[in-house]
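What follows is a single structure, written as structure tokens, with notes after it.
The values are calculated or read from the model by the stated rules, or taken from the named source; none is laboratory data. Please read these numbers as outputs of a predicted model, since none were measured by experiment. Methodologically, a virtual Cβ is constructed for each residue, glycine included, from the backbone with ideal geometry; neighbour enumeration extends over all protein chains shown.
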Amino acid sequence: MGELMKERIEKLREAKQKAALGGGPEKIDKVHQKGKLTARERLDRLLDPGSFTDLGMLVGYMQGSPGDGMVYGYGTIDGRPICIYSQDATVQGGSIGMLHGYKMYRTVERAMDMRVPVIGIHDSPGARQVRLTGETEMPEAMVVEEKGGGSVFYINTQASGVIPQIAVIAGACAGISVYSPALMDFVFMVDKTSQMFITGPRVVKSVIGEDITMEDLGGAEVHTAISGVADLRTETEDGCFEKVRKLLSYLPSSCDELPPIVDTGDDPYRLIPELEDIVPDDPDIPYDVHELITRLVDNGDFFEIKPEFAGEIVVGFARLAGQTVGIVASQPSIYGGALTVDSSCKQARFIRTCDCFNIPIIVLIDTSAYAPGSDQEHAGIIRHGAKNLFALCEATVPRIAVITRKSYGGGNLGLGVVPGMATDFVFAWPIAEWGVMGAKESVRLFFGAEILKAENPEQFLTEKVKWYRDSFANPLVFGSRASIYEDIIEPKETRKVLARALNILKGKKMTRVPKKHGNIPL
Amino acid sequence: MVVRSPMPGTIISVNVKVGDSVKAGDVLLILESMKIKNEIKAPQDGKISEVLVTEGQYVKRRETLVDIEG
């Protein structure tokens with residue numbers, strides 16, 4: 001080995017060692033004191049051990065900004081390749097300078113070229129502040145390159161629907177570090193240590209005079225339960241990484257592939273007699289639809305998305321016969337399973353996510369219809385409800401629906417079981433009720449005067465409701481007059497029926513009218 | 001721990017008063033929404049330190065209903 005080679009190798013080793021420490025041991029201690037992990041520790045824990053390949057770690061090294069506040073590269077999760085970046089809060093606070101932004105952009109671009117998922121771990125206040133030094137030279141932070149921080153929105157948008165994009169929020173994030181995640185498919189947060197806002201409490205106070213903490217402004221609870229910006233939160237960063245790994249197990253690496261098939265060991269044709277006891281006959285008595293979902297899917301394993309937001313609809317991933325399915329289920333124990341502004345957004349988003357990634361959808365219906373009232377109307381239930389209708393009518397993945405009990409009014413439309421809305425199979429349980437409104441309301445509407453005149457109005461109503469239910473709100477009567485249902489099934493057969501339907505739908509292909517893109521109501 | 005309303009609706013019965021001891025799962029009140037009567041249960045054991053709603057009252061989603069200490 002020549003002298004120069006020897007010297008350069010030594011210098012390189014030293015540089016890499018130093019760069020791997022980011023902002024240095026003191027700043028790393030500070031990160032740990034906050035109960036957080038460093039950018040590199042996060043990668044080690046999320047990825048398969050030893051699988052991470054570092055790219056561009058020496059960028060910014062000579063300028064005293066190792067990696068320019070970002071670690072990026074590629075690795076594997078459960079042996080499947082992914083591209084990833086992790087913002088390093090120990091270097092310039094994790095702020096997004098030119099090189100940092102470029103690395104962010106390139107991670108997404110590369111992932112899209114390779115057709116593999118991209119994961120971004122965010123811990124950044126956003127664009128780097130310009131340090132005014134009094135010098136006449138243009139400060140680095142003001143130099144804008146084509147592939148940089150701001151333009152990451154462009155590449156996120158191009159990658160949307162091509163590869164899964166997953167954002168982890170692992171610190172107080174603002175600016176680019178919240179809008180880029182918002183353009184991705186999933187946003188996961190860590191309780192108490194991560195926040196998202198367009199701008200922090202200090203600016204909020206000075207601009208509009210509102211006093212608010214970071215947590216109350218944009219903490220994990222705010223975004224998972226109130227705003228719906230984030231999909232779920234975990235207590236710890238490790239917990240969050242576990243969720244990311246699990247989520248990826250349900251998804252294909254790109255839209256060109258089908259989701260991985262897993263041998264779950266659960267008999268797809270298993271009969272489930274206890275389903276007969278979960279849904280009460282009386283449509284006014286609620287039950288938790290999770291009880292139904294976990295019994296139907298393989299090994300009771302259900303990965304819920306947005307569990308705390310708009311609980312009247314439950315969405316998430318599971319497997320049936322080893323195949324990934326997206327579950328969309330009305331939740332009778334919250335808001336009567338009604339369709340609301342928030343639930344429409346949640347449902348439409350989930351349906352489109354499934355449609356992007358070739359994931360068949362199973363719809364479980366027990367809904368009182370769209371939620372009425374000024375709250376909903378003024379918040380635009382028509383516009384948001386239409387978004388949901390659009391998503392249902394646009395999706396081409398296999399879709400199977402089971403009406404377990406109520407499907408009143410617009411609920412039929414909002415869950416796509418009206419014939420012609422492209423649900424491939426609609427099944428009904430024997431107590432399924434179909435109608436513009438429920439039995440009691442229909443009787444009140446048509447026999448209002450007679451009820452008032454009756455000797456015993458309560459008894460008259462009960463008898464009329466029973467008569468109505470037997471004669472009209474009865475799938476046997478309804479289903480024999482029109483071909484609404486593919487079949488009326490016993491609850492215990494549901495899993496078997498779904499598994500068979502999924503199997504025949506495997507090769508489903510739909511073509512659409514060629515156009516630029518539809519104009520989904522937003 | 002505050003118990004918030006998971007949905008908008010009308011309180012049709014309040015089963016607890018300040019000072020009552022409750023166990024996780026006890027029904028604190030009944031909330032009617034979309035004609036369905038929903039039991040709002042205690043998320044943990046404790047003592048009721050505040051009841052912020054009365055029968056007949058309309059509540060919004062996430063409105064605080066009851067505070068449980070302990």
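Output the qualifying pairs, or none if there are none: Cβ atoms under 9 angstrom, residues six or more apart or on different chains, first residue in region A:152-171 and free of Cβ contacts under 8 Å to residues at least 60 places away in the same chain, second residue assigned to a loop (DSSP other than H, G, I, E, B) and of a type in the set (Lys, Arg).
The qualifying pairs are A:Tyr154/A:Lys147; A:Ile155/A:Lys147.
Pull out all pairs, ordered by first then second residue, where Cβ-Cβ is under 6 Å, the residues are six or more apart or on different chains, the first lies in region B:25-42 and is within 14 Å of A:Gly438 (Cβ to Cβ), and the second is surrounded by 15 or more Cβ atoms within 10 Å (Cβ to Cβ).
That search, which allows pairs on different chains as well, returns B:Met34/A:Tyr335; B:Met34/A:Gly336; B:Met34/A:Ala338; B:Met34/A:Ser368; B:Lys35/A:Asp284; B:Ile36/A:Asp284; B:Ile36/A:Pro286; B:Ile36/A:Gly336.
So how many residues does region A:107-150 have that are part of a helix (DSSP H, G or I), modelled with pLDDT of 95 or more and surrounded by fewer than 24 Cβ atoms within 10 Å (Cβ to Cβ)?
Total meeting the criteria: 5.
In chain B, which strands (runs of 3 or more DSSP E) lie fully inside it and hold 1 or more residues that are within 14 Å of chain A (Cβ to nearest Cβ), among the hydrophobic types (A, V, I, L, M, F, W, C) and at negative phi?
Hits in chain B: B:2-4, B:9-14, B:27-33, B:36-41.
Identify, from the list A:Asp282, A:Asp342, the residue that is at pLDDT below 95 and within 14 Å of chain B (Cβ to nearest Cβ).
Residue meeting the stated conditions: A:Asp282.
Under 8 Å between Cβ atoms, at least 6 apart or on separate chains: pull out the pairs that start in region A:295-319 with a residue that is under 12 Å from A:Gln331 (Cβ atoms) and end on any residue that is hydroxyl-bearing (Ser, Thr, Tyr) and in a strand (DSSP E or B).
A:Glu312/A:Ser330; A:Ile313/A:Ser330; A:Val314/A:Ser330
What's the number of the only condition in (1) touching a residue at least 24 places away in the same chain (Cβ under 8 Å); (2) within 14 Å of chain B (Cβ to nearest Cβ) that A:Ser374 fails to meet?
(1)
Of these, A:Ile327, A:Ile351, A:Ile365, which one is closer than 12 Å to A:Ser407 by Cβ, more than 14 Å from chain B (Cβ to nearest Cβ) and β-branched (Val, Ile, Thr)?
A:Ile365
Considering only residues that are surrounded by 15 or more Cβ atoms within 10 Å (Cβ to Cβ), part of a loop (DSSP other than H, G, I, E, B) and not acidic (Asp, Glu), which ones fall in region A:263-284?
A:Thr264, A:Pro268, A:Ile272, A:Val279, A:Pro283
Test A:Phe317 against the criterion of being closer than 25 Å to B:Arg4 by Cα, of a type in the set (Phe, Trp, Tyr) and either within 12 Å of chain B (Cβ to nearest Cβ) or not in a helix (DSSP H, G or I) (or both), and give yes or no.
The answer is no for A:Phe317.
B:Ile36 - would you say it is at pLDDT 95 or above, closer than 23 Å to A:Thr340 by Cα and more than 8 Å from the chain's Cα centre (by Cα)?
no
In region A:8-41, which residues are over 37 Å from the mean Cα position of the chain (by Cα) and surrounded by 11 or more Cβ atoms within 10 Å (Cβ to Cβ)?
Selection gives A:Arg8, A:Ile9, A:Leu12, A:Ala15, A:Lys16, A:Lys18.
Where in region A:169-258 are there helices (runs of 4 or more DSSP H), lying fully within it, with 2 or more residues that are away from chain B (no Cβ under 14 Å) and in contact with a Phe, Trp or Tyr (Cβ under 8 Å, 6 or more places away or on another chain)?
Correct list: A:176-183, A:214-218, A:237-250.
Could you tell me whether A:Ala473 is in contact with a Cys (Cβ under 9 Å, 6 or more places away or on another chain) and either surrounded by fewer than 15 Cβ atoms within 10 Å (Cβ to Cβ) or assigned to a loop (DSSP other than H, G, I, E, B) (or both)?
no
Within region A:441-463, is even one residue surrounded by fewer than 21 Cβ atoms within 10 Å (Cβ to Cβ) and closer than 21 Å to A:Ile365 by Cβ?
The answer is yes, given that some residue of region A:441-463 is surrounded by fewer than 21 Cβ atoms within 10 Å (Cβ to Cβ) and closer than 21 Å to A:Ile365 by Cβ.
For (1) in contact with a His (Cβ under 7 Å, 6 or more places away or on another chain); (2) free of Cβ contacts under 8 Å to residues at least 60 places away in the same chain; (3) within 14 Å of chain B (Cβ to nearest Cβ), each residue gets a yes or a no:
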residue	(1), (2), (3)
A:Ala386	no, no, no
A:Gly409	no, yes, yes
A:Gly416	no, yes, no
A:Arg469	no, yes, no
A:Gly479	no, yes, no
A:Glu490	no, no, no
